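S.K.: Before anything else, here's the structure in question.
The values are calculated or read from the model by the stated rules, or taken from the named source; none is laboratory data. Note that the coordinates shown come from a computational prediction; the quantities given were computed from them, not determined experimentally. Quick reminder, even Gly has a Cβ in these numbers, built from the backbone with ideal geometry, and neighbours come from all protein chains shown.
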Amino acid sequence: MSQQPPPSTTPPGAPHAPLTHKQITRIVQGITLAMFLGALDQTIVATALPTIGRHFHNVEDLAWVVTAYLLTGTAATPLLGKLSDMYGRRLVMLSAVAIFVIGSVVCALAPTMTALIFARGFQGFGGGALIALSQTVIADIMSPRERGRYQGYIAAVFALSSIGGPVLGGILTEYIDWSVIFWINVPLGALALTMTWHMLKLVPFHKREHRLDAIGAALMMLASVVLLLALSSGGARYPWLSLEIGALVAASLLLWLLFAWRLTCAAEPFLPLNILRNKVVRSATLAGSCAMGTLVGMTIFIPLYFEGVMGLSASQSGVALIPMLGGTVIGSTLTGRALTRMVHYKRIPIAGDIAGIAALAILAIWPNELPFVAVLALMAVIGFGLGMVFPVSTVCMQNAVDRPQMGIATGSANFFRALVSALVVAILGAIVLGGLGGAAGASVEMLARTASANDLALAFRLVFAAGAAVLACGLGFILALEELPLRGPGGPAVEPH
């Protein structure tokens, strides 16, 4: 193992000895495990919710067990990304893993539903940061041109957590106890800490003086939490046009306006203005957000389509998601490898979005008339097309910013991906609810499972059309993306536009 000094002691501008392939592989393995922890806990809880509700004799607040994790995880991502720019990836990554593990223990020991919800919020603060920090570390240890080949690891993590999470949660809950879904994070977290403790010392870090805009960070976090509360409560707990939802939206808008004002007057804004003005960062972030929103929305609602229209069981519906999620991994992996040798790399996500739009359009036209094999093939095409977008959008965004701002840029990109995903899920849920004639407060899942196949097919016609529309927006952002040359090993920095 290399005996380089800790990154914080490296003088600014001093060249770093290139990391060996073995060192890079060990770093990637460690951060991939950390990323898996954050992604897994977004899905493993789903199948345990009914048991948790019975245990605490409280089913009314079950949704908050999931929502609390997503709220804090989404809001904390840019904050911890900024802190990693200030104090180094290693310190913030280790702190995030520790917060996640401590939160998991508190969740497992929670005596009441309220305590569990607050513990999930604390756990999410660490879990949400693990994903963005892992991508930032990858950006630190290799050039943009080399970076894409490792995006397949990231796609594999999300696919494995999406498929394996609910299955593992169901098995642990049924055969052992629901608390084990949280206890399992202790040994996994300890392993992640062990793997990253020493290897992250090798990650290059030039310490520079930064000031944290605490007011700006608080305004951004509050604005996003209030908006996510509105998106998660609308159509479920309250009607979309109710006073409660209107008040939440108005409060979020006010907070966003205050945040925008803060950006113009802070000495060092929480989100640097040169990042916000960077056309490449904007286009790449929005293109990736549209792709992620489509993937998350389809992953949540497609099982209802499989059950209600295709006649599959709940377990069969989970298995039927494999072609789409597997296609995402394959598309992302192949695209990442192609990035190392392509000049006109925009052609890849353009083709991916067009393929996804075409597949969704076919499903929208014939939602209940296609053979099951054809539906699975179209799902694989959708996943493959989305996988072609993720590496390019991430690498292009990171290629367009300076290294001292890599953490906040990557954290903000993941923040907007999560925010757009929540918006897409809310829109698709409203479409299903409205298409089936459900009233506000009705459960979308229960309504879908009791509707006739024809009625559900008509509702999903609009769902697939909406997914195609979101991808079409993403295609527009990719077309607007400036194709900057990707930096290679030791290449020059690209000045933000």
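S.K.: Given 40, 71, which one is farther than 28 Å from residue 147 by Cβ and touching a residue at least 60 places away in the same chain (Cβ under 8 Å)?
M.R.: One residue alone meets the criteria, 71.
S.K.: Take the range 317-326 and flag every residue that is part of a helix (DSSP H, G or I) and either at pLDDT 90 or above or under 20 Å from residue 304 (Cβ atoms) (or both). Don't jump to the end; show me each part of the working.
M.R.: Of the range 317-326, the ones part of a helix (DSSP H, G or I) are 317-320, 322-326.
317, 318, 319, 320, 322, 323, 324, 325, listed by residue number.
S.K.: Right, something else. Which of the residues belonging to the range 143-189 are of a type outside the set (D, E, K, R) and under 26 Å from residue 20 (Cβ atoms)? Working first, answer last.
M.R.: Taking the range 143-189 first, the residues of a type outside the set (D, E, K, R) are 143-144, 148, 150-173, 175-176, 178-189.
Listed by number, the residues that qualify are 143, 144, 148, 150, 151, 152, 153, 154, 155, 156, 157.
S.K.: It is to be established whether one or more residues within the range 320-329 are polar (S, T, N, Q), assigned by TED's automatic domain parsing to the domain that holds residue 423 and surrounded by fewer than 23 Cβ atoms within 10 Å (Cβ to Cβ). Walk me through how you get there before you give the answer.
M.R.: If we filter the range 320-329 for residues that are polar (S, T, N, Q), which is where we start, we get 328.
From the residues that got through so far, the ones that are assigned by TED's automatic domain parsing to the domain that holds residue 423 too are 328.
In the following step, the residues that additionally are surrounded by fewer than 23 Cβ atoms within 10 Å (Cβ to Cβ) were identified as none.
No: the range 320-329 contains no residue that is polar (S, T, N, Q), assigned by TED's automatic domain parsing to the domain that holds residue 423 and surrounded by fewer than 23 Cβ atoms within 10 Å (Cβ to Cβ).
S.K.: If a residue has to be part of a loop (DSSP other than H, G, I, E, B) and surrounded by fewer than 20 Cβ atoms within 10 Å (Cβ to Cβ) to count, how many in the range 40-59 make the cut?
M.R.: Let us first name the residues in the range 40-59 that are part of a loop (DSSP other than H, G, I, E, B), namely 41-45, 57-59.
Retained after the next criterion (residues that are surrounded by fewer than 20 Cβ atoms within 10 Å (Cβ to Cβ)): 57-59.
Count: 3.
S.K.: Just one of 192, 119, 115 is surrounded by 19 or more Cβ atoms within 10 Å (Cβ to Cβ), out of contact with any Ser or Thr (no Cβ under 8 Å at 6 or more places or on another chain), without any contact (Cβ under 8 Å) to a residue 24 or more places away in the chain and outside the structural domain of residue 301 (by TED's automatic domain parsing); which is it?
M.R.: Numbers: 192 fails: without any contact (Cβ under 8 Å) to a residue 24 or more places away in the chain; 115 fails: surrounded by 19 or more Cβ atoms within 10 Å (Cβ to Cβ).
After applying the criteria, what remains is 119.
S.K.: What's the total number of residues in the range 66-94 that are closer than 23 Å to residue 160 by Cβ, crowded, with 23+ Cβ neighbours inside 10 Å and in contact with a Leu (Cβ under 8 Å, 6 or more places away or on another chain)? Can you show your working first?
M.R.: Of all residues in the range 66-94, those closer than 23 Å to residue 160 by Cβ come to 66, 69-70, 73-74, 77, 93.
From what's left, crowded, with 23+ Cβ neighbours inside 10 Å: 69, 73-74, 77, 93.
In the following step, the residues that additionally are in contact with a Leu (Cβ under 8 Å, 6 or more places away or on another chain) were identified as 74, 93.
Number satisfying all stated conditions: 2.
S.K.: Still on this structure: When the range 228-285 is examined, which residues are found to be touching a Pro at 6+ places or on another chain (Cβ under 8 Å) and not in a helix (DSSP H, G or I)? Explain how you work it out, then say what you get.
M.R.: So in the range 228-285, the residues touching a Pro at 6+ places or on another chain (Cβ under 8 Å) come out as 245, 262-263, 270-271, 274-275, 277-278, 280-281.
Answer for the range 228-285, where residues must be touching a Pro at 6+ places or on another chain (Cβ under 8 Å) and not in a helix (DSSP H, G or I): 270, 271, 277, 278.
S.K.: Next question, about the same structure. Can you tell me how many residues within the range 282-309 are aliphatic (A, V, I, L, M) and surrounded by fewer than 20 Cβ atoms within 10 Å (Cβ to Cβ)?
M.R.: Taking the range 282-309 and keeping what is aliphatic (A, V, I, L, M), we get 284, 286-287, 291-292, 295-296, 298, 300, 302, 304, 309.
Cutting the leftovers down to surrounded by fewer than 20 Cβ atoms within 10 Å (Cβ to Cβ) gives us 300.
Within the range 282-309, residues that are aliphatic (A, V, I, L, M) and surrounded by fewer than 20 Cβ atoms within 10 Å (Cβ to Cβ) number 1.
S.K.: Considering only residues that are part of a loop (DSSP other than H, G, I, E, B) and among the β-branched types (Val, Ile, Thr), look in the range 363-404 and name the one that is farthest from the chain's Cα centre (by Cα).
M.R.: Of the range 363-404, the ones part of a loop (DSSP other than H, G, I, E, B) are 366-371, 388-389, 400-402.
With among the β-branched types (Val, Ile, Thr) added as a condition, the list becomes 389, 401.
Numbers: 389: 14, 401: 21 Å.
That would be 401.
S.K.: Return only the number of the condition from (1) surrounded by fewer than 22 Cβ atoms within 10 Å (Cβ to Cβ); (2) among the small types (Gly, Ala, Ser); (3) within 23 Å of the chain's Cα centre (by Cα) that residue 224 does not satisfy.
M.R.: Of (1) surrounded by fewer than 22 Cβ atoms within 10 Å (Cβ to Cβ); (2) among the small types (Gly, Ala, Ser); (3) within 23 Å of the chain's Cα centre (by Cα), only one is false for residue 224: (1).
S.K.: Within the range 25-39, restricting attention to residues that are at pLDDT 80 or above and over 13 Å from residue 188 (Cβ atoms), which residue is surrounded by the most Cβ atoms within 10 Å (Cβ to Cβ)?
M.R.: Step by step, filter the range 25-39, then rank; the result is 31.
S.K.: So for the range 72-91 (the condition being assigned to a helix (DSSP H, G or I), of a type in the set (S, T, N, Q) and over 22 Å from residue 214 (Cα atoms)), does at least one residue qualify?
M.R.: Within the range 72-91, the subset assigned to a helix (DSSP H, G or I) is 72-87, 89-91.
From the residues that got through so far, the ones that are of a type in the set (S, T, N, Q) too are 72, 74, 77, 84.
Narrowing further to those that are over 22 Å from residue 214 (Cα atoms): none.
No, the range 72-91 has no match at all.
S.K.: Among the residues of the range 95-112, write down those that are touching a helix residue (DSSP H, G or I) at 6+ places or on another chain (Cβ under 6 Å) and either surrounded by fewer than 20 Cβ atoms within 10 Å (Cβ to Cβ) or aliphatic (A, V, I, L, M) (or both). Spell out the reasoning first.
M.R.: The first filter runs over the range 95-112 and keeps only residues touching a helix residue (DSSP H, G or I) at 6+ places or on another chain (Cβ under 6 Å), leaving 96-97, 99-101, 103-104, 106-108, 110.
Once the filter is applied, which keeps residues that are touching a helix residue (DSSP H, G or I) at 6+ places or on another chain (Cβ under 6 Å) and either surrounded by fewer than 20 Cβ atoms within 10 Å (Cβ to Cβ) or aliphatic (A, V, I, L, M) (or both), the range 95-112 yields 96, 97, 99, 101, 106, 108, 110.
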